[in-house]
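**Student:** Here's a structure for you.
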Amino acid sequence: MTAGGQETLLYLPAVLHREHKRHTGGDGGIDNEGGRDGEGREGVSGHGSQKAHPDYLATVDVDPKSPTYATVIHRLPMLSPGDELHHLGWSSCSSCRSTAAGVPPGGTHTTLVAGGVLSGDIHFIDVASNPRAPTLAGTVHAAEVAESADLSWPHTSHCTPDAVLVSCMASADGDPAGNGFLSIDPATRRVLGRWEAPGEGTPHGYDFWYQPRHDVMVSSGWGTPAQLVRGFDPAHVAAGGYGRTLTFWSWSRRAITGSVDLGAGSVPLEVRFLHNPDAAVGFVACALSGELVRFVKDLDSAAGWSTSVVTTVPSVAVTGWALPTMPALITDFVISLDDRYLYMACWLHGDVRQYDIRDTANPRLVGQVYIGGLLSAPKESGVVLADAAAAAADGIVPPSSPTVVNGVRVRGGAQMVQLSRDGRRLYVSTSLFSAWDAQFYPDLVACGGQLVRVDVDVDGGGGLSLARDFVVDFGAEPWGPALAHEMRLPGGDCTSDIWM
């Protein structure tokens with residue numbers, strides 16, 4: 001994978017929202033209309049025509065010189081409705097180049113791995129034969145995963161020199177304590193079983209990253225799947241339904257070496273090491289507490305790694321919302337290939353933040369741009385900052401009007417981010433998880449999500465600006481409004497590849 005050059009294509013999953021029953025049986029979840037769902041009330045959301053059509057992989061033309069620039073040029077449907085396609089990985093990437101035997105005959109970055117978190121199916125998609133029109137190469141079905149590894153809810157996938165590794169958020173029967181890591185042969189797509197040694201486990205599963213030079217893998221945990229599909233309920237956080245620990249593993253022994261409790265209400269999601277394989281430094285973003293936590297190798301600590309909060313996006317006091325304070329809800333971040341900048345998305349507040357992380361212990365905010373969010377356009381949303389001056393002192397100054405690009409209203413808030421290899425273009429999508437989209441941004445589900453681009457100033461020390469010539473409106477798709485999620489660039493990108 002090389003750093004330079006203008007990408008011409010982008011791949012991302014498009015989810016056709018199916019009905020989820022939220023907050024039933026007496027759950028007291030947040031109702032974004034300003035109240036709380038009570039006992040006996042079912043918060044049901046969905047789009048009728050979408051129930052019969054599968055989710056699909058969208059191929060987007062991102063070449064400014066192309067006549068089909070900023071459009072979906074191909075749609076590859078999956079096998080059946082209800083996947084909830086979420087994250088994408090590669091069956092082989094830069095890590096496979098650590099040994100001659102690791103590079104497949106066709107080279108690396110030929111096949112995408114797309115897990116359906118709700119269906120449990122894991123799809124393998126050929127993007128090499130015709131990059132502009134990918135085809136389905138095969139599917140590992142949920143039944144095989146359940147029988148061979150007792151796992152479900154596939155989330156993050158990373159290639160390793162000898163296998164595709166997929167984090168799964170629950171056992172086959174949905175128990176979050178049964179979460180683990182699925183190992184798949186990339187050539188035959190045969191399930192090899194669980195990656196972790198017998199008896200090893202964590203309270204919750206979600207994301208992971210590994211770095212063999214330091215014999216380490218680090219993993220995070222989101223929450224209990226049965227609760228996630230009902231939407232977010234703060235009571236579930238207090239009851240232990242959401243993750244709060246960062247777990248460190250021995251990569252060679254496949255065993256836990258220690259864990260760090262990041263605190264009640266932290267909910268650690270995405271986790272990344274720096275790209276430099278010699279660097280024993282990484283970050284995890286805590287969604288609910290708004291904290292960016294740095295972890296470093298520390299042989300004197302019990303876990304072998306120590307953590308510290310290096311920056312926080314505080315919750316803000318609001319009126320016109322279900323709760324008196326609104327968290328930023330940090331849902332994704334990406335590190336530039338030169339390890340100079342970190343870009344962080346705050347889904348509820350709506351802003352993307354750019355930090356200079358050359359001093360990893362002291363990130364410095366150097367850029368910020370708002371893309372949707374609940375704090376923008378208060379006259380329309382009804383959500384108003386209770387103390388705008390206090391929010392501004394914390395760097396939270398949302399615009400007074402909604403985000404509109406080329407006449408398209410952006411729905412939802414900045415959620416998934418992907419950076420071009422040269423560090424100059426940041427792509428942003430707006431959907432988190434369909435049940436949560438329906439809860440916090442009903443118009444996102446009704447009208448569809450968007451893909452936008454942010455231009456990055458890397459020559460002048462930082463700065464972000466929304467590109468006014470690029471928007472892909474998934475509200476105008478042929479099978480109805482769709483929700484766009486994680487993005488992949490052909491040849492690898494800033495969140496897919498691990499160097500050995």
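The values are calculated or read from the model by the stated rules, or taken from the named source; none is laboratory data. Every value quoted in this text rests on a predicted model; they were computed, and no experiment measured them. Counting neighbours? That spans all protein chains shown, and the Cβs are built from the backbone with ideal geometry, glycine included. Note: areas computed on protein heavy atoms with side chains; ligands, DNA, RNA excluded. Shrake-Rupley method; radii C 1.70, N 1.55, O 1.52, S 1.80 Å.
**Student:** What number of residues within segment 108-129 satisfy the criterion of being more than 22 Å from L432 (Cβ to Cβ) and touching a residue at least 60 places away in the same chain (Cβ under 8 Å)? Full working, then the answer.
**Tutor:** Taking segment 108-129 and keeping what is more than 22 Å from L432 (Cβ to Cβ), we get 108-111, 124-129.
Next, from what is left, pick out any that are touching a residue at least 60 places away in the same chain (Cβ under 8 Å): 108-109, 111, 124-125, 127.
Adding up the residues that qualify gives 6.
Okay, residues lined up against (1) under 16 Å from Y69 (Cα atoms); (2) in a strand (DSSP E or B); (3) out of contact with any strand residue (DSSP E or B) (no Cβ under 7 Å at 6 or more places or on another chain):
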| position | (1), (2), (3) |
| --- | --- |
| D422 | no, no, yes |
| V428 | no, yes, no |
| S431 | no, no, no |
| A446 | no, no, yes |
| R453 | yes, yes, no |
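**Student:** Of the residues V397, V352, V369, V334, only one is open to solvent by 10 Å² or more (accessible area, probe 1.4 Å) and not in a loop (DSSP other than H, G, I, E, B); which?
**Tutor:** Details: V397 fails: not in a loop (DSSP other than H, G, I, E, B); V352 fails: open to solvent by 10 Å² or more (accessible area, probe 1.4 Å); V334 fails: open to solvent by 10 Å² or more (accessible area, probe 1.4 Å).
Selected residue: V369, the only one of V397, V352, V369, V334 that is open to solvent by 10 Å² or more (accessible area, probe 1.4 Å) and not in a loop (DSSP other than H, G, I, E, B).
**Student:** Just give me the residues in segment 277-291 being in a loop (DSSP other than H, G, I, E, B) and of a type outside the set (G, A, S), in sequence order. Before you say what the answer is, go through the steps one by one.
**Tutor:** The first filter runs over segment 277-291 and keeps only residues in a loop (DSSP other than H, G, I, E, B), leaving 277-280, 287-290.
Matches in segment 277-291: P277, D278, L288.
**Student:** Only one residue in A476, A435, A446 is among the small types (G, A, S) and crowded, with 20+ Cβ neighbours inside 10 Å. Which one? Give the steps one after another, and end with the answer.
**Tutor:** Numbers: A476 fails: crowded, with 20+ Cβ neighbours inside 10 Å; A446 fails: crowded, with 20+ Cβ neighbours inside 10 Å.
Unique residue meeting the criteria: A435.
**Student:** Whether any residue in segment 467-479 is basic (K, R) and over 19 Å from the mean Cα position of the chain (by Cα) is what I want to check.
**Tutor:** Checked segment 467-479: at least one residue is basic (K, R) and over 19 Å from the mean Cα position of the chain (by Cα).
**Student:** Continuing with this model, one more query. Tell me which residues, restricted to segment 316-331, are among the hydrophobic types (A, V, I, L, M, F, W, C) and part of a strand (DSSP E or B).
**Tutor:** Our first condition is that a residue be among the hydrophobic types (A, V, I, L, M, F, W, C); within segment 316-331, this holds for 316-318, 321-323, 326, 328-330.
V316, A317, V318, M326, I330 - these are the residues of segment 316-331 that are among the hydrophobic types (A, V, I, L, M, F, W, C) and part of a strand (DSSP E or B).
**Student:** Filter segment 89-102 down to the residues that are open to solvent by less than 20 Å² (accessible area, probe 1.4 Å) and either more than 12 Å from G491 (Cβ to Cβ) or at pLDDT 80 or above (or both) and list them by number.
**Tutor:** Initial filter on segment 89-102 (open to solvent by less than 20 Å² (accessible area, probe 1.4 Å)): 89-96, 102.
G89, W90, S91, S92, S95, C96, G102 - these are the residues of segment 89-102 that are open to solvent by less than 20 Å² (accessible area, probe 1.4 Å) and either more than 12 Å from G491 (Cβ to Cβ) or at pLDDT 80 or above (or both).
**Student:** Given S80, S49, which one is under 24 Å from G475 (Cβ atoms), open to solvent by 10 Å² or more (accessible area, probe 1.4 Å) and at pLDDT below 95?
**Tutor:** Numbers: S80 fails: at pLDDT below 95.
Residue meeting the stated conditions: S49.
**Student:** Something else: Got a number for residues in segment 330-354 being within 19 Å of the chain's Cα centre (by Cα) and either farther than 14 Å from P398 by Cβ or acidic (D, E) (or both)? Please lay out each step first, then the result.
**Tutor:** So the first thing to find is which residues in segment 330-354 are within 19 Å of the chain's Cα centre (by Cα), and the list is 330-337, 341-354.
Now restrict to residues that are either farther than 14 Å from P398 by Cβ or acidic (D, E) (or both): 330-337, 341-345, 351, 354.
Qualifying residue count for the region: 15.
**Student:** In this structure, does D150 turn out to be crowded, with 17+ Cβ neighbours inside 10 Å and at pLDDT 95 or above? Write out each step before concluding.
**Tutor:** Numbers: crowded, with 17+ Cβ neighbours inside 10 Å: yes; at pLDDT 95 or above: yes.
In short, yes.
A quick yes/no check of all residues on (1) over 18 Å from T495 (Cα atoms); (2) in a strand (DSSP E or B):
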position	(1), (2)
V293	no, yes
S308	yes, yes
T311	yes, yes
P314	yes, no
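**Student:** Still on this structure: So which of S167, S157 ends up being within 11 Å of S91 (Cα to Cα) and part of a strand (DSSP E or B)?
**Tutor:** Values: S167 fails: within 11 Å of S91 (Cα to Cα).
Of the residues listed, the single one that is within 11 Å of S91 (Cα to Cα) and part of a strand (DSSP E or B) is S157.
**Student:** Taking only pairs six or more apart or across chains, which ones have beta-carbon atoms under 7 Å, a first residue in segment 1-25 that is modelled with pLDDT of 75 or more, and a second residue that is part of a strand (DSSP E or B) and polar (S, T, N, Q)?
**Tutor:** Every condition considered, the pairs that remain are L9/T59; Y11/T59; L12/S429.
**Student:** Within segment 273-300, track down each residue that is of a type in the set (V, I, T) and more than 20 Å from the chain's Cα centre (by Cα). Spell out the reasoning first.
**Tutor:** Of the residues in segment 273-300, the ones of a type in the set (V, I, T) are 281, 284, 293, 296.
Matches in segment 273-300: V281, V296.
**Student:** I need the strands (runs of 3 or more DSSP E) fully contained in segment 184-227, keeping only those with at least 2 residues that are open to solvent by less than 40 Å² (accessible area, probe 1.4 Å) and either under 14 Å from A149 (Cβ atoms) or acidic (D, E) (or both). Talk me through it step by step, then tell me what you get.
**Tutor:** Values: elements: 191-194, 208-211, 216-219.
Per the criteria, 191-194.
**Student:** Give the number of residues within segment 286-300 that are touching a Ser or Thr at 6+ places or on another chain (Cβ under 9 Å) and over 14 Å from G263 (Cβ atoms).
**Tutor:** Here is the first cut: in segment 286-300, the ones touching a Ser or Thr at 6+ places or on another chain (Cβ under 9 Å) are 286-298, 300.
Among the residues that remain, those that are also over 14 Å from G263 (Cβ atoms) are: 294-298, 300.
Residues meeting the conditions: 6.
**Student:** Restricting to segment 54-77, count the residues that are basic (K, R) and surrounded by 15 or more Cβ atoms within 10 Å (Cβ to Cβ). Write out each step before concluding.
**Tutor:** At the first step, the residues of segment 54-77 found to be basic (K, R) are 65, 75.
Keeping just the survivors that are surrounded by 15 or more Cβ atoms within 10 Å (Cβ to Cβ) gives 75.
Qualifying residue count, segment 54-77: 1.
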